[in-house]
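The structure under discussion appears below in the form of structure tokens.
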Amino acid sequence: ISAIPHKADAGPDETLVFRHYDAQQEVLGRTMEDWLRFSVCYWHTFRGTGSDPFGSGTIKRPWEDGTDSVDNAKRRLRAAFEFYSKLGNRYWTFHDRDLAPEGANLAETNNNLDQLVELAAELQKKTGVKLLWATCNLFNHPRYMHGAATSCDAHVTAYAGAQVKKGLEIAHRLGAENFVFWGGREGYQSLLNTDPKADLDHLAAFYRMVVAYKEKIGFKGQLLIEPKAKEPTRHQYDYDAQTVMAFLHQYGLTQHFKINVEPNHTTLAGHPYEHDVIFASMYGMLGSIDANTGSPDLGWDTDQFPMDVRNCTVIMKAVIEQGGIAPGGLNFDAKVRRESTELKDMFIAHAAAMDTFARGLKNAASIITEGVMRKSLLSRYVSWNTGMGARITAGEASLEECEKLIHEHGEPKSVSAHQEHFEAMLNHYI
């Protein structure tokens, strides 16, 4: 498989091409590459085997020898950078334990990791691919079965602290632009044996240690928290964007963290696909996006590639309106299906998702430039521009004034929301 070309006139069965994504094409004064900042995740793409709770792996990659050795890890990493180069994405992401195997103790584990980090530094320099973000896997090992920062055992939390210390160091070494925390087991299975206030206090204390060490070593990357409503715990403490923002405000951490939104997690929380992106963005807290989707009919986290033009359009509209996503990006936290076992499926999935977001970017640019939808939205709120609406907004009105207005003018008139009108307008651009 060679480098994926741009071919605008490709036929329907030509799927190893970009029809819409042209890295250097300008949209609203920036290149597509700058707006989209695509990244490929290491865990699904290079550690995924197609296994699920009901069956073992179906996907066997030619560079794998079946061992968890450092040599195999190095071969896998070289394959990954060949993939990045042929796909043409600018960034990659990884968990520490994706990259290198755990050893018999922390010292051996860190030594394994150092070897892979040095190779990663060489490959980044050779290819020009950069590290969008790194993160630590604080959920997979049995030691974290009760959580990491929210474990009932302080010894476990100390181990997590040691692991994150190393994670920040390697992120700094590789020039990561962000560092992510996904609290995979930071939640509860039962409130009968859980003190959630203690858990959240401990989580905040853990994050304060993170901030202190980040500043000590001079790491300039943005810290990000990734919300998820459920799985693997019954309730995750970082339920959605609003929950994370409330936590950060409660513990005085807002200035240090932003949010990494994964839309598949948003739908698990019972929200529309774009909900967390929009709510994080409108408060200046949207830091990055894990670009994927799920099947709402299934009700669990399926990590599918984002192929829906409508969804990608509304996401990119929010990104444009906040002036871009940098230093974050669109990281494909997605995996090919268990039945998609050929190497070309991996290329097609990423290329098609990149194309879908490119279409979404162009659609969103047209929506914003033409301003028709914005004009219709503003017309719904016109009563807030003058009179009592303007006084309430400015904090100048009183409840007595509200009462006086109603006595004088009576019941408000019924005003249509015109939802179908807005849906039809969106379809025009899609």
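The values are calculated or read from the model by the stated rules, or taken from the named source; none is laboratory data. Just so it is clear, the model here is predicted, and its values are computed rather than measured. As a convention, Cβ positions derive from the backbone with ideal geometry for all residues, glycine included, and neighbour counts pool all protein chains shown. Accessible surface areas use protein heavy atoms only, side chains included; no ligands, DNA or RNA. Shrake-Rupley method; radii C 1.70, N 1.55, O 1.52, S 1.80 Å.
Can you tell me how the chain classifies by the Cα gyration tensor, rounded, prolate or oblate, using a/c under 1.5 as the rounded cut? Oblate is the answer for the chain, as a/c is 1.5 or above yet b/c matches or exceeds a/b. A probe of 1.4 angstrom, applied to the heavy atoms of all protein chains, finds GLU342 with accessible area near 100 square angstrom. Each principal axis of the Cα cloud of the range 30-165 was evaluated for its coordinate range; sorted largest first, these ranges are 48, 36, 31 Å.
Using the Cβ of HIS6 as centre and a radius below 13 Å, the other residues enclosed give a net charge of -3, where K and R count +1 and D and E count -1. When TYR251, TYR283, TYR84 are compared by accessible area of protein heavy atoms, the largest-first order is TYR283, TYR251, TYR84, using a 1.4 Å probe. Taking a Cβ cut-off of under 14 Å around SER288, the surrounding Lys, Arg, Asp and Glu residues balance to a net charge of -2, with basic ones at +1 and acidic ones at -1.
Among the listed pairs LYS7/LYS220; LYS165/LYS362; LYS130/LYS344, a Cα-Cα separation exceeding 29 Å is found for LYS7/LYS220; LYS165/LYS362. Could you tell me the center-to-center distance, by alpha carbons, between the range 383-430 and the range 215-270 in angstrom? Each part reduced to its Cα centre gives a spacing of 33 Å.
Each Lys and Arg Cβ is given +1 and each Asp and Glu Cβ -1; about its Cα centre, the range 281-396 then shows a dipole of about 520 debye. Ranking ASP96, ASP153 from most to least accessible surface, computed with a 1.4 Å probe over the protein chains only, gives ASP153, ASP96.
Separation of the range 131-170 and the range 1-69, taken as the distance between their Cα centroids, equals 29 angstrom. A 1.4 Å probe, protein heavy atoms only, puts the accessible area of ILE217 near 40 Å². Length available on full extension from THR58 to GLU33: 0.36 nm per residue minus the Cα-Cα distance, which gives 5.6 nm. Please list, in order, the residues from the range 1-15 whose amide nitrogen is less than 11 Å from a point placed 7 Å along the Cα→Cβ vector of MET307. Under cut-off, by backbone N: nothing.
Sorted largest first by accessible area at a 1.4 angstrom probe radius, with every protein chain in place, the residues CYS152, CYS402 fall in the order CYS152, CYS402.
Ligands, DNA and RNA excluded, the heavy atoms of VAL336 present near 30 Å² of accessible surface to a 1.4 Å solvent probe.
Report summary: the helix-based calculation at 222 nm, which adds -39500 (n - 2.57) for every DSSP H run with n ≥ 4 and divides by the residues of the chain, gives -14500 deg cm²/dmol.
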